[in-house]
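Undergrad: For reference, the structure I am asking about is given below.
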Amino acid sequence: MVELADGTAPPRKGTFFGEPRALAYLSFTEAWERFSYYGMTALLVLYMTQALFMPGHVENIAGFATFRAGLESVFGPLSTLALASQIYGLYTGFVYFTPVFGGLIADRWLGRRKAVMLGAVLMSGGHIAMAFDQSFLLALFLLIVGCGLLKGNISTQVGQLYAEDDGPGRTRGYSIFSMGINVGATLGPLICGLLAQIYGWHAGFGLAGILMLTGLATYIAGYRTLSEETPKANRTKAVAAPLDAKQWRVIGALVVAMALTIPQSVAYYQNSSIGLVWIDAHVNLDAFGFHIPTSWFNSIDPFISIVFVPVLIALWRWQDKRGGEPNEVMKISIGAWIAAAANFALVLGCLLAQRVPAIFPVIYDVLLGVAFLYYWPPLLALISRAAPSGLKATLIGAAFLSLFVGNILVGWVGTYYERMTPTNFWTLEGSIALVGGVLAFLLARPLNRVLTGTAN
């Protein structure tokens, strides 16, 4: 049996849009997982501020008084909205903190397939626990741990479907995989949000749990199509092998590239927190006798990410033929500038009308959808290509640390919303993304020299 460079066996034959058949199972698994995740997060802040933290409910949450006291000992007294923003930021932050440990566990002990399945089981339990007030904190904990085991490892498995020197194939694979992410992220807020509006919050959360179980079933169905695991002895040997100076330079450059995405994450992920609160309070949501569920706006940016995948792939191929395709770090820079433009669109809406037309948050989310494609798939493709073979899952897991920091900052920045005018708040968000874009632009060429030996 021929092995790939990382010691794994190649995936079984069969194609999915011209790519390995296993990509279909990984993409659909991620679609169901993201359906459940984004369906839940689209409801989370609104649920906390409008129901869970109200008298008659907040008293039922196990351990909440102690948890709140701990937060306020660090951040000072918190209003209901500030408390919800901090919890949202901590939850979404730690969701992206734990994948580095999930990658280590997979690289050293469990292997990626077992880690993904265990993560899916824990996340299913977390979503089901969200259907009850009492188990709110337990639900967040299970989701954080489960996501840590699943996220980085399933992303690493996408890269394993391709030979080490197949950079274009790997980029196509991650772009198709991102379509799975965004299909789930589109449908989750739409369907869970509608169920929550009609049948109550817990109906939306319960559906998220059911769909997470569907994701687990999809992964199991495609289990045999995946690359065979590297033997445990070989995994341990690869991780323990000493790194040379060049590899350390590559790791350092990858860490810098990850850090450059943090400002964009701050600007991007606020759309599921204060963005929804602002829309609910300041946007005209009535159209043709129907009140648009606020959570539906969180379906726009992932839908746009789906639509624009073939457009951007065609653009990048056209640029490549002419020798002008931006490198991965430059794409991150472009994504940050687009995210800045998205937030400045809300500034314009605030300046033009007291009751903002719905077109402005639509423009905001459309631009965020394009921004996502310019920074997240290129970052994963870059790490999958350049990282030392024995540390690929670990370093892809480490990439999620940038989202951890970004989302922690989302929660912290969100506490200033009540102290600022909406115009100033969205100006702040746009400025953060703009600074990130400038930094990535300045560092694109030197980082690319370290990672590829070129300056394109």
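Where a number appears in this text, it was derived from the coordinates with a stated rule and is not lab data. Quick caveat: nothing in here was measured; it's all calculated off a predicted structure. Neighbour counts are summed over all protein chains in view; Cβ atoms, including those assigned to glycine, are modelled from backbone coordinates with ideal geometry.
Undergrad: Quick one: compute the contact order of the chain, relative version, from alpha carbon pairs under 8 angstrom and 6+ residues apart, as a percent.
TA: Result for the chain is 26 percent.
Undergrad: Restricting to DSSP H runs of at least four residues, report the calculated mean residue ellipticity at 222 nm for the chain, -39500 (n - 2.57) per run over all residues, nearest 500 deg cm²/dmol.
TA: -24500 deg cm²/dmol
Undergrad: Say a site is exposed when it is one of the trypsin sites (Lys or Arg not before Pro), sits in a DSSP loop, and has at most 11 other Cβ atoms within 10 Å; what is then the longest site-free stretch of the chain?
TA: 14-321
Undergrad: Sort Val362, Val405 by Cβ crowding within 10 Å, fewest neighbours at the top.
TA: Val362, Val405
Undergrad: Let me ask you something else. By the gyration tensor of its Cα atoms, with a ≥ b ≥ c the square roots of the eigenvalues, what is the shape of region 230-381: rounded for a/c under 1.5, prolate for a/b over b/c, or oblate?
TA: prolate
Undergrad: With the Cα gyration tensor of region 352-452 giving a ≥ b ≥ c as the square roots of its eigenvalues, does the rule (a/c under 1.5 for rounded; else a/b larger than b/c for prolate; else oblate) give rounded, prolate or oblate?
TA: prolate
Undergrad: Based on Cβ point charges of +1 for Lys and Arg and -1 for Asp and Glu, what charge dipole magnitude is obtained for region 17-452 about its Cα centre, in debye rounded to the nearest 20?
TA: For this selection, approximately 1220 debye.
Undergrad: So how many Lys-Lys pairs in the chain land under 19 Å Cα to Cα, not counting same-chain pairs under 8 apart?
TA: Value for the chain: 8.
Undergrad: Where Rh denotes the Kirkwood radius from the mean inverse Cα pair distance, what is Rg over Rh for region 17-452?
TA: Rg/Rh: 0.96.
Undergrad: I would also like to ask the following. Taking the beta-carbon count within 10 Å as an exposure proxy, list Leu140, Leu243, Leu23 from fewest neighbours to most.
TA: By the 10 Å Cβ count, ascending, the order reads Leu243, Leu140, Leu23.
Undergrad: Still on this structure, I have one more. Could you list Glu325, Glu19 in order of exposure, starting from the residue whose Cβ has the fewest other Cβ atoms within 10 Å?
TA: Glu325, Glu19
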